[in-house]
Amino acid sequence: VQLQASGGGLVQAGGSLRLSCAASRSILNINTMGWYRQGPGNQRELVATITNSGSTNYADSVKGRFTISRDNDKSTVSLQMNSLKPEDTAVYYCKARLVGILVSEYWGRGTLVTVSS
């Protein structure tokens, strides 16, 4: 599975951005899709995940501000980010996790989000 993230950019604090991740094939059988981020000098961390049944999970730091969604028909996963803060500045990555006989994980190239104060 190839993943292509888009939608990053420069935004002022308090603003909004919407990230999108397009998969190269159907995501119907992909158990979990997620967004992760890596800020300057930090390790990569989970932002939000969504299962193929629609269950979501969020990092405490983004709860109430970010919303993850998936469109299985379009093979896309989106991350709506509102009330952005400078500490949200990071490269955001899309990830697909497929659980079968083996667990397979796929990462897309990141998209940079910069939030100015």
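The values are calculated or read from the model by the stated rules, or taken from the named source; none is laboratory data. This structure is a prediction, so every number in the text was calculated from the model and none was measured. No Cβ is skipped: glycine too gets one built from the backbone with ideal geometry, and neighbour counts run over all protein chains shown. The area values use the complete protein model at the heavy-atom level, side chains included, leaving out ligands, DNA and RNA. Shrake-Rupley method; radii C 1.70, N 1.55, O 1.52, S 1.80 Å.
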Checklist line | √(5λ) per eigenvalue of the Cα gyration tensor, region 30-94, largest first, Å | finding: 21, 12, 10
Note to self: Modelling each spin label as a point 7 Å along the Cα-to-Cβ direction, I'd like the Asp73/Arg109 distance in nm, to one decimal.
What the structure shows: 3.0
Next item on the list: Compare the peptides 98-110, 63-75, 30-42 by average per-residue count of other Cβ atoms within 10 angstrom and give them in order, highest first.
Entry: 30-42, 63-75, 98-110
Margin query: Pairs of alpha-carbon atoms within less than 8 angstrom and 6+ residues apart define the contacts here; what relative contact order does the chain have, in percent?
Written below: 36
Check: Taking the Cα atoms of the chain, what is the range of coordinates along each of the three principal axes, in descending order and whole Å?
Finding: 46, 25, 24
Margin query: Tell me the carbon and sulfur percent of the accessible area for region 9-77, rounded to whole percent, probe radius 1.4 Å.
Written below: 45
Notebook entry, point to check: For Glu45, Glu87, what's the largest-to-smallest order of accessible area, 1.4 Å probe?
Noted result: Glu87, Glu45
Next item on the list: Obtain the nm distance between the two label points defined at Ser61 and Ser24 by a simple spin-label model: each point lies 7 Å from its Cα along the Cα-to-C-beta direction.
Entry: 3.1
Notebook entry, point to check: Which order, highest average first, do 4-10, 20-26 follow once you tally other Cβ atoms within 10 Å for each residue and take the mean per peptide?
Noted result: 20-26, 4-10
